[in-house]
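Student: Before I ask anything, here is the structure I am working with.
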Amino acid sequence: MPDWRINEKYRKPRRTKGTPFYVERNYYALGCLALSGICWYLYELWPSTKKLKQKLETDKFDYPEGLKMKIKHIQSGTQGGAGIEGLLAKAREREAQKITKEGEKETSWLYKIMTREPDL
């Protein structure tokens, strides 16, 4: 609520453009951007980063089977819908093979508790 003793007619607009603070703020922002760029450049020059990039390019990482399926699922979702059906069929075949290898698929403890008959 404005004070009745202050004449709004003579009040100056508050602007930061052209003030020393405005210039200092720009220098600070430029320094932050430059520092982050230098840190990124040094990280890229780091030898262990180069080795990591080479391993990523040559696919030397061994991912677990579940993670590989997730990666393929995500990639097929971005490429189109035709690839996802093939991946789902392969996943169903793998599950069927696991069941036949182990006999009967093991159920989780939560499923066992939820499907158990109540004691009367």
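Student: Show the residue pairs meeting these rules: Cβ distance below 6 Å; 6+ apart or different chains; first residue within region 41-65 and assigned by TED's automatic domain parsing to the domain that holds A91 and modelled with pLDDT under 85; second residue aromatic (F, W, Y) and part of a helix (DSSP H, G or I).
Tutor: Going by the 6 Å Cβ cut-off, there are no qualifying pairs.
The rows are residues; the columns are (1) farther than 30 Å from L87 by Cα; (2) part of a helix (DSSP H, G or I).
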{"position": "G18", "(1), (2)": "yes, no"}
{"position": "N26", "(1), (2)": "yes, yes"}
{"position": "G31", "(1), (2)": "yes, yes"}
{"position": "C39", "(1), (2)": "yes, yes"}
{"position": "L42", "(1), (2)": "yes, yes"}
{"position": "T49", "(1), (2)": "yes, yes"}
{"position": "K55", "(1), (2)": "no, yes"}
{"position": "D62", "(1), (2)": "no, no"}
{"position": "L67", "(1), (2)": "no, yes"}
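Student: Further, regarding this structure: Where the second residue is modelled with pLDDT under 75 and the first is assigned to a helix (DSSP H, G or I) and lies in region 78-96, which pairs have Cβ atoms under 6 Å and are six or more apart or on separate chains?
Tutor: Note: pairs meeting the criteria are G83/S76; I84/S76; L87/S76.
Student: Oh, and also: Take region 20-59 and flag every residue that is surrounded by 10 or more Cβ atoms within 10 Å (Cβ to Cβ) and under 30 Å from L88 (Cα atoms).
Tutor: The answer is K55, L56.
The values are calculated or read from the model by the stated rules, or taken from the named source; none is laboratory data. Values in this document were obtained by computation on a predicted structure and should not be read as measured data. Note: ideal-geometry Cβ built from the backbone for every residue, glycine included; neighbour counts use all protein chains shown.
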